[in-house]
Amino acid sequence: ERLRTISASTSNPNKVKLPKIELQRFSGDPQKWQPFWDSFQSLIHHNEDLGKVDKFNYLRSILSGEALASIEGFPPTKDNYSHVLDVLKERFGKKAYIISSHMESILKLPDLTSVDNTKKLRRNYDQLETHIRSLQALGIDSKQFGPLLVPVLLDRLPQDLALIVSREYDARQDGIWELENVLKALKGELTPRERSLFFSVQSS
């Protein structure tokens, strides 16, 4: 999403002027709540030079979609600033809601049944890893959901790749699926396929 820019330069002429900092916009995607909130807190919410009405207006200017709709009924007043923050946190910032959103995105990753889908496979892998790292940042260990998720992921891979990953994994493990090891095995197969694709394009 596009970002809103504010000045971060200082009024003290003896200090180095900092570059402009961009505020993240937020439309209501719970997966983007934490980066948005961290940015807004640092630049606006904890800025003692800004009054609550100014903070309210900054907040409203970087919201869109469902996020903006959720606070449209609040006039920009000093008292309402804390109320709109509570509404946004309750609606989009709950940990359980964010976890559910990441898991739903993982389960919606498309099936890849063709061996020729190396580029799509990389995109899926990168998205999967992003969701897993985000869950870990929320304190959710992949061991809690890995055994349930791994069979689903393998079922969506090209058959030959799923077989290779399964064999490599089974050779090293005691039969308990651990997501981190499966991802490592998948990446180990994906990297040489990408390399082979690169060289085939260069030689054509």
The lone condition residue 76 fails out of (1) assigned to a helix (DSSP H, G or I); (2) modelled with pLDDT of 90 or more is (1)
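Per-residue answers, yes or no, for (1) under 28 Å from residue 131 (Cα atoms); (2) surrounded by fewer than 17 Cβ atoms within 10 Å (Cβ to Cβ); (3) over 29 Å from the mean Cα position of the chain (by Cα):
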{"site": "38", "(1), (2), (3)": "yes, yes, no"}
{"site": "48", "(1), (2), (3)": "no, yes, yes"}
{"site": "67", "(1), (2), (3)": "yes, no, no"}
{"site": "70", "(1), (2), (3)": "yes, no, no"}
{"site": "75", "(1), (2), (3)": "no, yes, yes"}
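The rows are residues; the columns are (1) more than 17 Å from residue 187 (Cβ to Cβ); (2) at pLDDT 80 or above; (3) in a helix (DSSP H, G or I); (4) open to solvent by 40 Å² or more (accessible area, probe 1.4 Å).
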residue	(1), (2), (3), (4)
121	no, yes, yes, no
127	no, yes, yes, yes
139	yes, yes, no, yes
150	no, yes, yes, no
154	no, yes, yes, no
157	no, yes, no, no
162	no, yes, yes, no
175	yes, no, no, yes
Only one residue in 48, 104 is at pLDDT 90 or above, out of contact with any strand residue (DSSP E or B) (no Cβ under 7 Å at 6 or more places or on another chain) and part of a helix (DSSP H, G or I), so which one is that? 104
Residue in region 107-119 that is farthest from residue 38 (Cα to Cα), counting only those that are open to solvent by 60 Å² or more (accessible area, probe 1.4 Å) and assigned to a helix (DSSP H, G or I): 119
Every listed condition ((1) assigned to a helix (DSSP H, G or I); (2) surrounded by 16 or more Cβ atoms within 10 Å (Cβ to Cβ); (3) of a type in the set (A, V, I, L, M)) holds for residue 53 save (2)
Which pairs do you get when a residue that is under 15 Å from residue 37 (Cα atoms), found in region 72-87, comes within reach of a residue that is surrounded by 12 or more Cβ atoms within 10 Å (Cβ to Cβ) and at pLDDT 95 or above, reach meaning Cβ atoms under 6 angstrom, with the pair 6+ apart or on two chains? 81/52; 81/55; 81/56; 84/71; 84/74; 87/70; 87/71
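Out of curiosity, is residue 90 acidic (Asp, Glu), open to solvent by 80 Å² or more (accessible area, probe 1.4 Å) and either in a helix (DSSP H, G or I) or at positive phi (or both)?
Numbers: acidic (Asp, Glu): yes; open to solvent by 80 Å² or more (accessible area, probe 1.4 Å): yes; either in a helix (DSSP H, G or I) or at positive phi (or both): yes.
It is true that residue 90 is acidic (Asp, Glu), open to solvent by 80 Å² or more (accessible area, probe 1.4 Å) and either in a helix (DSSP H, G or I) or at positive phi (or both).
The values are calculated or read from the model by the stated rules, or taken from the named source; none is laboratory data. Computed from a prediction, not measured in an experiment: that's the story for all the values here. Don't worry about glycine lacking a Cβ; one is built from the backbone with ideal geometry, like all the others, and counts go over all protein chains shown. For the accessible areas, the whole protein counts, side chains as well, though only heavy atoms, and no ligand, DNA or RNA atoms are used. Shrake-Rupley method; radii C 1.70, N 1.55, O 1.52, S 1.80 Å.
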